[in-house]
Amino acid sequence: MSDLLDYPIPSDRAIEPPPEWEELRQQCPVAKVRLASGGEATLLTRYDDVRAMLTDGRFGRVIPSGGTGVGSQDDGGTFSNDPTGVMADEEQHQAWRRLVNATFTAKRVQALAPGITARAERLIDDMLAAGGPADLVPALAFPLPVWVICELLGVPEDQRERFPYWSDTALSTTRYSQEEISAARQEFGAYMAALVEAKRAQPGDDLISELIALVDQNDPRLTAQTVIGTSMALLVAGHETTASHIAKMMALFLGDRSRWERLVADPSLVRSAVEESLRFDPNAGFGMVRWVDEDIEIAGESIPAGTTVVCSLAAANRDEGTFEGADEMDLGRRPNPHLSFGAGAYSCLGQSLARTELQIVLAALVRKVPSLELAVDVESVPRKEGLLVAGFDELPVKWEE
Amino acid sequence: MKINVDRDACCGAGQCVLLAPDVFDQDEEGIVVLLDERPAADQDFAVQEAVSMCPTGVIWVDQNA
Ligand code: HEM
Ligand code: HEM
Ligand code: SF4
């Protein structure tokens, strides 16, 4: 059993993917791996296989007790825990999605764009005024998505500083102990429950107030508990991923400065460059999990019922069979059907919002700080370990003052 | 050329609307609404992009219809 590959595959390179991806895609597209929980799982790395698995309506993302969980915690970590209570049942999940979707439609998100732009510009101005070098993570990458999701949900400004900790613990595989995680989850849950009650007493113009009004009208799709769980999930989902991607995207563009120069010369590339940074991301974290509860076959290999299948979105995004010159970053690549937001019924609900935020941040930096560069070598930037969403703890930058 | 969508399988992530707002919209549940099933040729590229980026693969183009 010792010949099992450990997953995630450790990589010591900041902006290059581990060489194992190519070997797996070529020689072992359906691979047996061992997860941090100690259990066995099956890893998919080819684009077509990953896409087929994610869009297969039969399989959901909740791993039942007894199945191989993801993290080192007793309860198997994040994927065994569903705060919304709707994920295990396909119909319930779809009804829930249609309810929450309303807030995240492309048009509603576009209506937010001017406010997000103003906020991004203010954060950049503050960073420039304080003088360089600066750390882009606390200056911009982190506060912008937190602000956006808190505005959408209606979380008061003075209560936002606990979120980073709650969210880090929620997405932890090995970084925190089970005790710390349980305590944080409880604290987070109690906070959200109190906030939901406060909104019920005094509704505002925000998502939590909208959802709680539906509960009070006896909408069968929702309970107060689902509103609490949904709000928690959105807070976690809405900021950690976007914040870490802003930092990773900037590391990719500034780490090879010819990319940045191309963007400065032609800002119309911002949209496709954001997509390419999502595709290219070598630190895309764990990937997505599916619980396969019937016997199936993938690429000629049989997968028995009761298997945890891990889909490496990042490895699939580098598949030459789908992306010409997959290991080259092409800022103008179109179309770019990458899988960084997943695919199928469970694919990212917030992708319009995430794309809008990323485009706004990149466009604002290109416009306001064309001389931006990394203040240290990209390989020496400290990275987060043991979290499902990989990323940088800091990103030191400088510019011509 | 005629565009088809499968509203039952749409997950409502709105990529089609971001890419081709003259052709696609979303209803109040986020589900895709086809505004123009036979758009002008200048929309071809945007429509093709929406077809390939749609996370659920529920948009397809019938070239012969
Ligand atoms: C059953 C429970 C859930 C588990 C275990 C779970 C876990 C995770 C994990 C671990 C990731 C990170 C993947 C990565 O490395 O990229 C993740 C992604 C995400 N999950 Fe969940 N989630 C669960 C339910 C939810 C729910 C209910 C939502 C939202 C309503 C949600 C939203 C997200 C989002 C947004 C991401 C972000 C993707 C990313 O990190 O790249 N998850 N989920
Ligand atoms: C760059 C930023 C982001 C990335 C890379 C990302 C990625 C993902 C991925 C890969 C999934 C699929 C999970 C699966 O297949 O199991 C997911 C789900 C989800 N994401 Fe995102 N996400 C991002 C930003 C956001 C934002 C800003 C929000 C919202 C406010 C959000 C909300 C969600 C939710 C609610 C889900 C769960 C959807 C469901 O289960 O139906 N994400 N995200
Ligand atoms: S891109 Fe696809 S899934 Fe998303 S709203 Fe349009 S049709 Fe629906």
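The values are calculated or read from the model by the stated rules, or taken from the named source; none is laboratory data. These numbers come from a predicted model, not from an experiment. In this analysis, Cβ positions are derived from the backbone assuming ideal geometry, glycine residues included, and neighbour counts consider all displayed protein chains. Remember, those area values only see protein heavy atoms, side chains included, never the ligands or the DNA or RNA. Shrake-Rupley method; radii C 1.70, N 1.55, O 1.52, S 1.80 Å.
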Original post:
How about residue A:107: which aspartates and glutamates have a C-alpha closer than 15 Å to its C-alpha, ignoring those fewer than 8 places off in the same chain?
Top reply: A:357, B:22, B:25, B:27, B:28, B:29
Original post:
In debye, nearest 20: dipole of region A:94-218 around its Cα centre with unit charges on the Cβ of K, R (+) and D, E (-)?
Top reply: 540 debye
**OP:** Quick one: go through region B:40-63 and flag any residue whose amide nitrogen is under 17 Å from the point 7 Å out along the Cα-to-Cβ line of residue B:2.
**Re:** B:40, B:59-63
Original post:
Given +1 on the Cβ of Lys and Arg, -1 on the Cβ of Asp and Glu, and no further charges, what dipole in debye does the protein assembly as shown carry about its Cα centre, rounded to the nearest 20?
Top reply: 540 debye
**OP:** Determine the order of A:32, A:248, A:368 by accessible area, beginning with the largest, at a probe radius of 1.4 Å.
**Re:** A:32, A:368, A:248
Subject >> Gap separating the Cα centres of region A:11-67 and region A:272-291, nearest whole Å >> reply: 13 Å
Original post:
Counting DSSP beta bridges in the protein assembly as shown, what percent are antiparallel, to the nearest 5?
Top reply: 80 percent
Subject >> D_trans [Stokes-Einstein, Kirkwood Rh over alpha-carbon pairs] for region A:175-275, 25 °C, 0.890 mPa s, µm² s⁻¹ >> reply: 145 µm²/s
Subject >> Among A:287, A:115, A:332: highest mean-square fluctuation, GNM of chain A, C-alpha pairs under 10 Å >> reply: A:115
Subject >> Helix-only CD estimate at 222 nm, as mean residue ellipticity for chain B, using -39500 (n - 2.57) per DSSP H run (n ≥ 4) >> reply: -6000 deg cm²/dmol
Subject >> Rg(Cα) / (2.2 N^0.38 Å) computed for region A:279-376, rounded to two decimals >> reply: 1.40
**OP:** Report the residue, chosen from A:124, A:298, A:228, that carries the largest GNM mean-square fluctuation when chain A is represented by alpha-carbon nodes joined by springs under 10 Å.
**Re:** A:298
Original post:
222 nm [θ] for chain A, helices only, -39500 (n - 2.57) per DSSP H run of 4+, per residue, to 500?
Top reply: -14500 deg cm²/dmol
Original post:
How well do other chains shield peptide A:93-104, expressed as the mean number of their Cβ atoms within 10 Å of each residue Cβ?
Top reply: 4
Original post:
Does anyone have the angle between helix B:44-53 and the longest principal axis of chain B? Alpha-carbon axes, 0 to 90°, nearest 10?
Top reply: 40 degrees
Original post:
How many Cβ atoms of partner chains, on average, are near each residue of A:339-346 if near means within 10 Å of its Cβ?
Top reply: 3
Original post:
Bin by bin, in steps of 10 Å, what percent of the Cα pairs in region B:2-60 do you find, going until the bin that has the longest distance?
Top reply: 27, 64, 10
Original post:
Going by accessible area, probe 1.4 Å, with all protein chains left in place, what is the ranking of A:291, A:96, largest first?
Top reply: A:291, A:96
Original post:
So how compact is region A:5-398: Cα radius of gyration and Dmax in angstrom?
Top reply: 20.6, 60
Subject >> Gain in span if fully extended, residue A:160 to residue A:299, counting 0.36 nm per residue against the direct Cα distance >> reply: 45.4 nm
Subject >> Hits among lysines - C-alpha to C-alpha of residue A:248 under 23 Å, sequence gap 8 or more where chains match >> reply: A:368, A:384, A:398
Original post:
Within a Cβ distance under 9 Å of residue A:368, other residues only, what is the Lys/Arg minus Asp/Glu net charge?
Top reply: -1
Subject >> Estimated FRET transfer efficiency when R0 is 22 angstrom, pair residue A:95-residue A:217 (beta carbons, to 0.05) >> reply: 0.90
**OP:** Give the ranking of A:288, B:53 by solvent-accessible surface, highest area first, calculated with a 1.4 Å probe.
**Re:** A:288, B:53
Original post:
In whole Hz, what ³J(HN,Hα) sequence does region A:26-41 give by Karplus (6.51, -1.76, 1.60; θ = phi - 60°), x for Gly and Pro?
Top reply: 6, 9, 8, x, 10, 10, 8, 9, 10, 8, 4, 6, x, x, 8, 8
